[in-house]
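Worksheet: one structure, shown below.
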Amino acid sequence: MDSIHPALIVVDMQHYFVESESTLMTLVEHLNPGAVVPYVQRVSETVIPAIQRLLHECRSRDLPVFFTRFGSRTTDGSDLPLWARRINEVGLAAIGQLAYPEIDDGAAAIIPALSPEEGEIVLHKTTAGTLSSTDLETQLRERGVDKLIVCGVNTDVCVGQTARELSDRGYDVLMVEDGCATLSPDAHRTTLETFDMVFGRVLGADAVVGELKGVA
């Protein structure tokens, strides 16, 4: 890796985004039957192991690691942007529950398989992109970071939005193909193809680990 100041960002690997019985996944299955099972399977069998490899490598080299969590600070989700409030309204109408929980709800916690360690930053966001509602950029500047490795869920929403925001701010950004997932394989592929063509690079976790081994 040509930069000596990389960092890892793990986006929204929260219970309700990756577990089939969550309110959000129940809503998705109601609206798009059959979409949840392959998504959850990919997260379990591919995405989590890939992110674990990235975390191990970054931690072994004392590289900065950031986690994000998406959720509301209000019981009714009124602090979320319009698109998220609309999805919450659909949830109430379809299954009688909000799609997105409060940030203090256990469902909004990061899954134990990827638990942050002491000293790693956990950012609470109320927007799809991380820079729009957190101090991530300040944190990166303070640490001299110039290259970001971005992974998590969902590829075409919060992960892709975060990666593009960072690219627009002048960072060298890499999305991890097997470290991301979304509910549509086509959307996953198209998002990565567009990012790779315009905004940054796309690699698998093993290739990223190989590049990190070149970091002093």
**Asked** Rg and Dmax of region 25-75, using alpha carbons, in Å: what are they?
**Response** 15.6, 44
**Message:** Starting from the 7 Å offset along Cα-to-Cβ, what nm value, one decimal, do you get for the label separation of Arg189 and Glu102?
**Reply:** 4.3 nm
**Asked** In a GNM of the chain with a 10 Å cut-off on Cα contacts, which of Val65, Val28, Val11 has the highest mean-square fluctuation?
**Response** Val28
**Item:** For region 178-201 and region 67-113, distance of Cα centres in Å
**Value:** 24 Å
**Message:** Can you give me the angle between helix 82-95 and the longest principal axis of the chain, using Cα atoms only, in degrees from 0 to 90, rounded to the nearest 10?
**Reply:** 40 degrees
**Prompt:** Taking every DSSP beta bridge that has both residues in the chain, what percent is antiparallel when rounded to the nearest 5?
**Reply:** 5 percent
**Message:** How compact is region 95-208 by the rule of thumb for globular proteins, expressed as Cα Rg over 2.2 N^0.38 Å?
**Reply:** 1.11
**Request:** Would you grab the residues whose amide H sits under 5 Å from the one on Val173? Only those 5+ places off in sequence or on another chain, please, with H modelled 1.01 Å from N.
**Result:** Leu148, Arg201
**Message:** 7 Å from Cα along Cα→Cβ at both Asp168 and Ala94: what's the point-to-point distance in nm?
**Reply:** 2.8 nm
**In order through region 28-43: 3J(HN,Hα) via Karplus (6.51 cos²θ - 1.76 cosθ + 1.60), integer Hz, x for Gly, Pro** = 4, 5, 5, 7, 9, x, x, 7, 6, 4, x, 5, 5, 5, 5, 4
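Note the full-extension length gain between Ala35 and Ile4 as 0.36 nm times their separation in residues minus their Cα-Cα distance, in nm to one decimal. Walk me through the numbers on the way to the answer.
Working: separation 31, 0.36 × 31 = 11.16 nm, distance 3.98 nm.
Extra length available between Ala35 and Ile4 comes to 7.2 nm.
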**Asked** Given labels modelled 7 Å from the Cα in the Cβ direction, how far is it in nm from Arg86 to Lys213?
**Response** 4.7 nm
**Request:** For helix 185-194, report the angle its Cα long axis makes with the longest principal axis of the Cα atoms of the chain; keep it between 0 and 90° and round to the nearest 10°.
**Result:** 40 degrees
**Fill in**
Carbon plus sulfur, as percent of the 1.4 Å-probe accessible area of region 117-190, comes to 41 percent
**Asked** Just in region 1-56: which GluC sites (Glu not before Pro) are loop by DSSP and have at most 14 other Cβ atoms within 10 Å?
**Response** Glu21
**Request:** Find out how many positive minus negative residues lie around Ala93, taking Lys and Arg as positive, Asp and Glu as negative, among other residues whose Cβ is under 14 Å from that of Ala93.
**Result:** +1
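The values are calculated or read from the model by the stated rules, or taken from the named source; none is laboratory data. Values in this document were obtained by computation on a predicted structure and should not be read as measured data. Because the Cβ atoms are built from the backbone with ideal geometry, glycine has one as well, and the counts that use them run over all protein chains shown. Accessible surface areas use protein heavy atoms only, side chains included; no ligands, DNA or RNA. Shrake-Rupley method; radii C 1.70, N 1.55, O 1.52, S 1.80 Å.
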